[in-house]
1. Strictly greater than 18 Å: what percent of every Cα pair in the range A:110-209 meets that?
2. Quick one: what are the phi-derived ³J(HN,Hα) couplings along the range B:67-72, Karplus 6.51/-1.76/1.60 with θ = phi - 60°, whole Hz, x for glycine and proline?
3. How far, in nm, would the chain grow between residue A:12 and residue A:174 when pulled straight, counting 0.36 nm per residue and subtracting the alpha carbon separation?
4. Tell me, B:244, B:185, A:261 in order of fewest to most beta-carbon neighbours within 10 Å?
5. Could you work out the Rg to Rh ratio of the range A:224-264, with Rh taken as the Kirkwood radius (inverse of the mean 1/r over all Cα pairs)?
6. Can you put B:260, A:241 in order of Cβ neighbours within 10 angstrom, beginning with the fewest?
7. Could you state the principal axis extents of the C-alpha atoms in the range B:22-137, from the largest down, to the nearest angstrom?
8. Stick to the Cα atoms of the range B:167-230, pair each with every other, and give me the Kirkwood hydrodynamic radius in Å at one decimal.
Amino acid sequence: MGRKNLVRRLGQMILALLGISFISFCLVMLAPGDVARQMIAGNQEIMVSQAEVDALKAELGLDQPFFFQYISWLGRAVQGNFGNSFMMKRPVLDVVLASLPATVVLAASSSAFMLIFALPLGIYAAVKQNTWFDYLVRGFSFIGMSVPNFWMGLMLLWIFGLQLGWFPILGGEVSLENMALPTVTLGIAMASKYIRQVRVAILEELNQDYVTGARSLGMSETYILWREVLPNALLPLVTLFGLSLGSLLGGAAVVETVFSWPGLGYTAVQAITYRDFQLIQAIVLWIASMYMIINLLVDISYAYFDPRLRKVGR
Amino acid sequence: MDTKKNKFLSNKGFVLFSILAVVIVLIAAFAPVLAGGIDPTAGNLADAIMAPDAKHLFGTDKMGRDIYARVLYGARISLASTFVLVLAVFVIGTALGVLAGYFGGWVDAVIMRIADMMIAFPGLVLAIAVAGMLGASMRNAIIAIALVTWPKYARMARSLVLKVRHTDYVYAAIVTGSGTWHMLWKYMLPNTITTLVITAATDIGGMMMELAALSFLGFGAQPPTPEWGSMLNEGRDFMQSAPWLMVYPGLAIFITVVIFNMLGDNLRDILDPREE
């Protein structure tokens, strides 16, 4: 990616982030009723005095015209001030930063799980196309894609947590034992998807003319597979993996909730349940930003790995 | 016409899974009969948390409601809401995509920039936030998922329209006086429809899971509505004492999703021979 192109992409990204920040801000407008009153009361049925509501409105600028509200929110947000979480009684930024490690750890472990299974199985299924091994792997990958992840999580928790007692069922903190089941749940879902992609990518590449050429020159199948086919087939999958990673770093809301894993997804669900508006805005903004930044990094790394894209000085 | 008919009927997988899908639809339609007249929302606290037996095939929940009846009625809610969702996304996405591709210029810019922004939100997150903000109900869950899914269809429809937009026959049609509406309806839409129908068919299972996931998190259907995701949410507190509360609704989602995913895959094989 040339420098000019990079600058253009960065410019586009900043524009998109502005749009996303606007969407995040507008989310609160969807809520029925008086936002300030709900912020104080949370989900509880308590009396809130009008004076309290007015004071909060003035503090947050909610008594001003809509567009001014957005500008002042954005102004505070870029300085890292996302307001206070009413649920946690702490600054929103602290809450988000505290949830981050759990999400990053889970994203890393489930990605590792996925790679360990999807790559060998997908490659081998492609090489042994239409054998019993291929059918078996495809069958498993199909089933893995059709199981709702929350049900898979619950069943794993029931079997390995309750019946066999191998893993704790309460969760709540980041530890190796607590991490195993959420990792497997996310990992199986991801691996099922990627086995398919890897297999199709390898098959497509194996049908190319250069493979026939290499065979006719007497190169060994192993050499062709490892040195020629794999690099070509797997490169496009980097983009896909980037999207998955970006999505994982936003927190796996459903799986984190099933296992009470204290990451961003779990925090987001809590925040929405208790209508902790400022926390929701910040998390949504964070998740979309993460996703876009990872996307950009993937595009840059792509240019690095694929010399054809590097040379084109656009 | 004959060859087309044969193409569908000669695909054994398609025939098998069509029949199974029809069976699921029939189960939904005849839920009251199959449930033997048991009300899925009415419970008897004296019967709370009973293990499966002859009277309650799948057991009962904490309110004494019959799980078997609830799972059967759940098919109604799942199927109806999924079809509404898929239809909404299909119609909105295709319409906006075709308009963007055909008119280009600022129409294209506005529609596609909005689409780009929605796509920047990964997975379910935005849907969860929208559903949560609007208030928990199945209708709002459908709105939320539709809101984050239409860009996929719009992008596809737009790129398909762009493939033919600047061909000679399209210009010829315009020059010979075809109206805009006629151009959109007779020339642009038919070019997109096969691909988008395949996409919609393969997406049914996934959207069903997303709706169930929202209900599971508490942002979709609310108890006592017999919805599979929300039943699982209620059941998870009784994992130890009443595992049947989790097993049957989960199996119901899984089986239904498998059937519709297989149906979608087979339909794609028939209509789009390029794949595999």
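1. Details: 2596 of 4950 pairs.
Of the Cα pairs, 52 percent sit more than 18 Å apart.
2. Whole-Hz 3J(HN,Hα) from phi for the range B:67-72: 5, 4, 5, 5, 5, 4.
3. Values: separation 162, 0.36 × 162 = 58.32 nm, distance 3.68 nm.
Gain in length upon complete extension: 54.6 nm.
4. On the way: B:244 20, B:185 12, A:261 28.
The order, fewest Cβ neighbours first, is B:185, B:244, A:261.
5. Values: Rg = 15.9 Å, Rh = 12.3 Å.
Rg/Rh: 1.29.
6. Details: B:260 26, A:241 19.
Going from sparsest to densest Cβ surroundings: A:241, B:260.
7. Principal extents (largest minus smallest coordinate, Cα): 66, 31, 18 Å.
8. Values: mean 1/r = 0.0663 Å⁻¹.
Radius from the Kirkwood sum: 15.1 Å.
Bear in mind these aren't lab numbers, they're just calculated from the coordinates by the rules spelled out. Owing to the predicted nature of the structure, the values given are computational and were not obtained by experimental measurement. Virtual Cβ from ideal backbone geometry, glycine too; neighbours counted across all protein chains shown.
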